[in-house]
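Let me begin by presenting the structure, written as structure tokens, before commenting on it.
The values are calculated or read from the model by the stated rules, or taken from the named source; none is laboratory data. On a predicted model such as this, the values are computed, not experimentally measured, just so you know. Cβ sites come from the backbone with ideal geometry, for glycine too, and all protein chains shown count toward neighbours. For accessibility, only protein heavy atoms count, side chains too; no ligands or nucleic acids. Shrake-Rupley method; radii C 1.70, N 1.55, O 1.52, S 1.80 Å.
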Amino acid sequence: MDWKQTYERWVKFPQLDQEIKQTLETVSQNEKELEDCFYKNLEFGTGGMRGEIGPGTNRMNIYTVRKASEGLARFIESYGETAKKRGVAIAYDSRHKSPLFAMEAAKTLASHGIQTYVFEELRPTPELSFAVRELNAFSGIVITASHNPPEYNGYKVYGEDGGQLPPKEADTVVERVNEVENELEIVVETEAVLKAKGLIVMVDETMDEKYVGQLKTISVNPELVEKMGDKLKIVFSPLHGTANKPVRKALAALGYTNVTIVKEQELPDANFSTVKSPNPEEHEAFELAIQYGKEIDADVLVATDPDADRLGVAVKNTEGEYIVLTGNQTGALMLEYLLSQKKEKGILPENGIVLKTIVTSEIGREIAKAYGLDTVDTLTGFKFIGEKIKEYETTGEYVFQFGYEESYGYLIGDFVRDKDAVQATIFAIEVVAYYKKRGMTLYEGLLEVFAKYGFYREGLESLTLKGKDGAEKIANLLTSFRAETPTEFEELKVVTAEDYKTSVKTNITDGSKEDIHLPKSNVLKYYLEDGSWVCLRPSGTEPKVKFYFGVKGTSVEDSEAKLNKISTAFMEKVNNSLMQQV
């Protein structure tokens, strides 16, 4: 069936949602827009789905949400009545239509006789992970598009351990979703009827209290917090998302009394109207927080993304200007503090493990090694870190200590099994308190870490290529690099090439090969002769291809210069490859 036939099926559907019907009428003469809405099904992958809100099979709407939920319902039914009774916990963020999509998911599942628990208002993604475990639910759903632009929404699925579904189970759910032939004809009972049957139950603030109770346990120096809690000046912005209440409750519970909220960004706003992007990775998202920081001479500025799984931290540098730390830098500071304090207190297990992704800084491995711990790399995506936590919990081989990724995601306490910006916020502030007690800023603490382990520096470039044409360009770009492996960047020879799609690591010097023992993924990584590295990875959630770079220098200035040199040379190769496609 081509896209026009699918479009006709929708416009002729007699019970079509009125808003969707009107939108289709508005764009009825725009063939390019209609094609993009209907030329494919919005992909339900291993992490769920994410896309622009609108009509059509390639958009987020009540019908594509029902289809995803129908597939999940069939998956749960295959595990029998016990799984259905354990049910599904559902949370949602501050985006357009998030409450609607959450209830549509609940109605679809409950119409199959599956118990559902829906938060009564928006909540952070990590609290959903916590709630799945607390409720002993069989699965979980979060309606969120994380830090994507306002026109996006998404649907993430969680397993019974509170982690995103691992590949094997996720693949089965994908199969069940793809078996649904007509998303328009999925029949659901009304919310009122399902609530009356007890199949939809609302989750209230009792869960928040339990979550905050657990958050208090991640402090490794409660006495330090007690001593410094009223001395730190903290500026916090939830960037119009879900973290406002839980972060403030957690900070208050721990004794931090001097917290200033960025008022303009305090309340939920689906348009994220004060920022270009509600992403704490983007320095522009900190503009207002920096103004607040200057007014009160704040020790630290913290900002969380809309679903509160990513944390950005800004501090004063040696010139007294606020700068936003990279995810790798914040992670290094947290890890050094966590392991040093645990060792000092005699509570660091010999078989402790640090988990990070393949595009996260190597400084984490150096820090872990200094404290006698191993580090295990996973593919990009916190679901793989969650999967490893579950594996080691089962085998007893390692005891989880810390997990992080360069894209501002961190986990300290494993009562959550996804990255948790609420945890990360209160822990990062404890690190600030530690350095302040020593008469240092957090930035001076970072320089101390660099002096101890090496001046590591990482960078990220990305290209956004929307639509069908963009997807083809991204695919062709990866194909071109596979067809011809680069030999050098700025006179630095490539010594190793890793292709995670074929699971093969190639030594360029002698041509020898070895297996990569990770799930297959469309990722390429190159190591250079001086230890620097470059990685290409298409985003799984946005129409982007990302390019990661890592170097180690002899000073801040040296590592910056190295990074600039390598990234510039590599992006020239990328642009040349794209030009050849025209």
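Condition check ((1) within 30 Å of Thr64 (Cβ to Cβ); (2) within 25 Å of the chain's Cα centre (by Cα); (3) of a type in the set (Val, Ile, Thr)) across all residues:
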position	(1), (2), (3)
Glu189	yes, no, no
Met202	yes, no, no
Leu215	no, yes, no
Glu223	no, no, no
Lys227	no, no, no
Asp230	no, no, no
Pro246	yes, yes, no
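Determine which single condition Lys67 fails, assuming it passes every other condition in (1) open to solvent by 10 Å² or more (accessible area, probe 1.4 Å); (2) over 26 Å from Gly159 (Cβ atoms).
Among (1) open to solvent by 10 Å² or more (accessible area, probe 1.4 Å); (2) over 26 Å from Gly159 (Cβ atoms), the lone unmet condition for Lys67 is (2).
Kindly list, by first and then second residue, each pair from a residue in the stretch 290-307 that is open to solvent by 10 Å² or more (accessible area, probe 1.4 Å) to a residue that is of a type in the set (Lys, Arg), limited to pairs with Cβ atoms under 7 Å and residues at least 6 apart or on different chains.
Close Cβ pairs (under 7 Å, with a partner that is of a type in the set (Lys, Arg)) amount to Ile296/Lys233; Asp297/Lys233; Asp299/Lys233; Asp299/Lys436.
With respect to Lys390, is the statement that it is over 23 Å from Tyr548 (Cβ atoms) and modelled with pLDDT of 95 or more true?
Details: over 23 Å from Tyr548 (Cβ atoms): yes; modelled with pLDDT of 95 or more: yes.
Yes, satisfied.
Could you please find all residues in the stretch 79-103 being touching a residue at least 24 places away in the same chain (Cβ under 8 Å), open to solvent by 10 Å² or more (accessible area, probe 1.4 Å) and part of a loop (DSSP other than H, G, I, E, B)?
Those that are touching a residue at least 24 places away in the same chain (Cβ under 8 Å), open to solvent by 10 Å² or more (accessible area, probe 1.4 Å) and part of a loop (DSSP other than H, G, I, E, B): Tyr79, Ser94, His96, Lys97.
Among the residues of the stretch 433-449, which ones are of a type outside the set (Ser, Thr, Tyr) and buried (at least 19 other Cβ atoms within 10 Å of the Cβ)?
Taking the stretch 433-449 first, the residues of a type outside the set (Ser, Thr, Tyr) are 433, 436-440, 442, 444-449.
Answer for the stretch 433-449, where residues must be of a type outside the set (Ser, Thr, Tyr) and buried (at least 19 other Cβ atoms within 10 Å of the Cβ): Ala433, Lys436, Leu442, Gly445, Leu446, Val449.
Quick one: Glu209 ticks every box in (1) in contact with a helix residue (DSSP H, G or I) (Cβ under 8 Å, 6 or more places away or on another chain); (2) under 19 Å from Val416 (Cα atoms) except a single one, so which number is it?
The one condition Glu209 does not meet is (1).
Within the stretch 10-29, can you find the residues that are of a type outside the set (A, V, I, L, M, F, W, C), over 34 Å from the mean Cα position of the chain (by Cα) and within 27 Å of Ala471 (Cβ to Cβ)?
Within the stretch 10-29, Thr26, Ser28, Gln29 meet the criteria.
Among the residues of the stretch 339-354, is any in a loop (DSSP other than H, G, I, E, B) and either touching a strand residue (DSSP E or B) at 6+ places or on another chain (Cβ under 6 Å) or open to solvent by less than 30 Å² (accessible area, probe 1.4 Å) (or both)? Walk me through how you get there before you give the answer.
Initially, the stretch 339-354 is screened for residues in a loop (DSSP other than H, G, I, E, B), giving 346-351.
Checking the rest, the ones that are also either touching a strand residue (DSSP E or B) at 6+ places or on another chain (Cβ under 6 Å) or open to solvent by less than 30 Å² (accessible area, probe 1.4 Å) (or both) come to 349, 351.
Checking the stretch 339-354: at least one residue is in a loop (DSSP other than H, G, I, E, B) and either touching a strand residue (DSSP E or B) at 6+ places or on another chain (Cβ under 6 Å) or open to solvent by less than 30 Å² (accessible area, probe 1.4 Å) (or both).
Which one of the conditions (1) more than 18 Å from Leu333 (Cβ to Cβ); (2) part of a strand (DSSP E or B); (3) in contact with a helix residue (DSSP H, G or I) (Cβ under 6 Å, 6 or more places away or on another chain) does Asp377 fail to meet, given that it meets all the rest?
The one condition Asp377 does not meet is (3).
Contact list please: Cβ distance under 8 Å, first residue in the stretch 567-578 and within 13 Å of Glu488 (Cα to Cα) and in contact (Cβ under 8 Å) with a residue 60 or more places away in the chain, second residue assigned to a helix (DSSP H, G or I) and of a type outside the set (A, V, I, L, M), pairs at least six apart or on different chains.
Nothing qualifies.
Filter the stretch 246-258 down to the residues that are closer than 21 Å to Asp420 by Cβ, out of contact with any Lys or Arg (no Cβ under 7 Å at 6 or more places or on another chain) and of a type outside the set (Gly, Ala, Ser) and list them by number.
Answer for the stretch 246-258, where residues must be closer than 21 Å to Asp420 by Cβ, out of contact with any Lys or Arg (no Cβ under 7 Å at 6 or more places or on another chain) and of a type outside the set (Gly, Ala, Ser): Pro246, Val247, Arg248, Lys249, Leu251, Tyr256.
Report, by residue number, each residue of the stretch 270-286 that is part of a helix (DSSP H, G or I), open to solvent by 10 Å² or more (accessible area, probe 1.4 Å) and touching a residue at least 12 places away in the same chain (Cβ under 8 Å).
His283
Given the conditions (1) under 21 Å from the mean Cα position of the chain (by Cα); (2) within 18 Å of Thr217 (Cα to Cα), and given that Lys345 satisfies all but one, which numbered condition is not satisfied?
(1)
Does Ser462 fit the bill of being modelled with pLDDT under 95 and within 21 Å of the chain's Cα centre (by Cα)? Explain how you work it out, then say what you get.
Numbers: modelled with pLDDT under 95: yes; within 21 Å of the chain's Cα centre (by Cα): yes.
Considered against the rule, which asks whether it is modelled with pLDDT under 95 and within 21 Å of the chain's Cα centre (by Cα), Ser462 comes out as yes.
Looking only at the stretch 1-53, count every residue that is in contact (Cβ under 8 Å) with a residue 60 or more places away in the chain, more than 29 Å from Ser539 (Cβ to Cβ) and open to solvent by less than 50 Å² (accessible area, probe 1.4 Å) and tell me the total.
Summing the residues that are in contact (Cβ under 8 Å) with a residue 60 or more places away in the chain, more than 29 Å from Ser539 (Cβ to Cβ) and open to solvent by less than 50 Å² (accessible area, probe 1.4 Å) in the stretch 1-53 gives 2.
Among strands (runs of 3 or more DSSP E) lying entirely in the stretch 149-243, which contain 1 or more residues that are in contact (Cβ under 8 Å) with a residue 12 or more places away in the chain, crowded, with 19+ Cβ neighbours inside 10 Å and of a type in the set (Phe, Trp, Tyr)? Spell out how you get there, then give the answer.
Working: elements: 152-158, 200-203, 234-237.
Per the criteria, 152-158, 234-237.
In the stretch 245-269, how many residues are outside any loop (DSSP other than H, G, I, E, B), open to solvent by less than 20 Å² (accessible area, probe 1.4 Å) and either out of contact with any strand residue (DSSP E or B) (no Cβ under 9 Å at 6 or more places or on another chain) or within 17 Å of Leu215 (Cα to Cα) (or both)?
Initially, the stretch 245-269 is screened for residues outside any loop (DSSP other than H, G, I, E, B), giving 245-254, 259-261, 263-265.
So of that shortlist, the ones also open to solvent by less than 20 Å² (accessible area, probe 1.4 Å) come out as 246-247, 250-251, 261, 265.
The next check asks that each one be either out of contact with any strand residue (DSSP E or B) (no Cβ under 9 Å at 6 or more places or on another chain) or within 17 Å of Leu215 (Cα to Cα) (or both); those that pass are 246-247, 250-251.
Looking only at that region, the number is 4.
Test of understanding: among Ala170, Ala110, which residue is touching a strand residue (DSSP E or B) at 6+ places or on another chain (Cβ under 9 Å) and at pLDDT 95 or above?
On the way: Ala170 fails: at pLDDT 95 or above.
Within the list Ala170, Ala110, the selection yields Ala110.
For the stretch 104-125, how many residues are of a type outside the set (Gly, Ala, Ser) and either touching a Pro at 6+ places or on another chain (Cβ under 8 Å) or in a loop (DSSP other than H, G, I, E, B) (or both)?
Here is the first cut: in the stretch 104-125, the ones of a type outside the set (Gly, Ala, Ser) are 104, 107-109, 112, 114-125.
With either touching a Pro at 6+ places or on another chain (Cβ under 8 Å) or in a loop (DSSP other than H, G, I, E, B) (or both) added as a condition, the list becomes 112, 114-115, 120-124.
Here the count works out to 8.
Which pairs turn up if I take residues in the stretch 372-383 that are under 12 Å from Thr360 (Cα atoms) and look for partners that are of a type in the set (Lys, Arg) and assigned to a strand (DSSP E or B) with beta carbon separation below 9 Å, at least 6 apart in sequence or on another chain?
What qualifies is Thr375/Lys356; Val376/Lys356; Asp377/Lys356; Thr378/Lys356; Thr380/Arg537; Thr380/Lys546.
Which numbered condition trips up Leu578, out of (1) closer than 14 Å to Glu461 by Cβ; (2) in contact with a helix residue (DSSP H, G or I) (Cβ under 7 Å, 6 or more places away or on another chain); (3) buried (at least 18 other Cβ atoms within 10 Å of the Cβ)?
All conditions are met except number (3).
How many residues, within the stretch 318-330, are under 14 Å from Asp297 (Cα atoms) and either open to solvent by 30 Å² or more (accessible area, probe 1.4 Å) or at pLDDT below 95 (or both)?
The number of residues fulfilling the criteria is 4.
Only one of (1) open to solvent by less than 10 Å² (accessible area, probe 1.4 Å); (2) part of a helix (DSSP H, G or I) is not met by Ser146, so which one is it?
(2)
Can you tell me which residues in the stretch 480-530 are open to solvent by less than 50 Å² (accessible area, probe 1.4 Å), assigned to a loop (DSSP other than H, G, I, E, B), closer than 27 Å to Lys544 by Cα and without any contact (Cβ under 8 Å) to a residue 40 or more places away in the chain?
Once the filter is applied, which keeps residues that are open to solvent by less than 50 Å² (accessible area, probe 1.4 Å), assigned to a loop (DSSP other than H, G, I, E, B), closer than 27 Å to Lys544 by Cα and without any contact (Cβ under 8 Å) to a residue 40 or more places away in the chain, the stretch 480-530 yields Ser503, Ile516.
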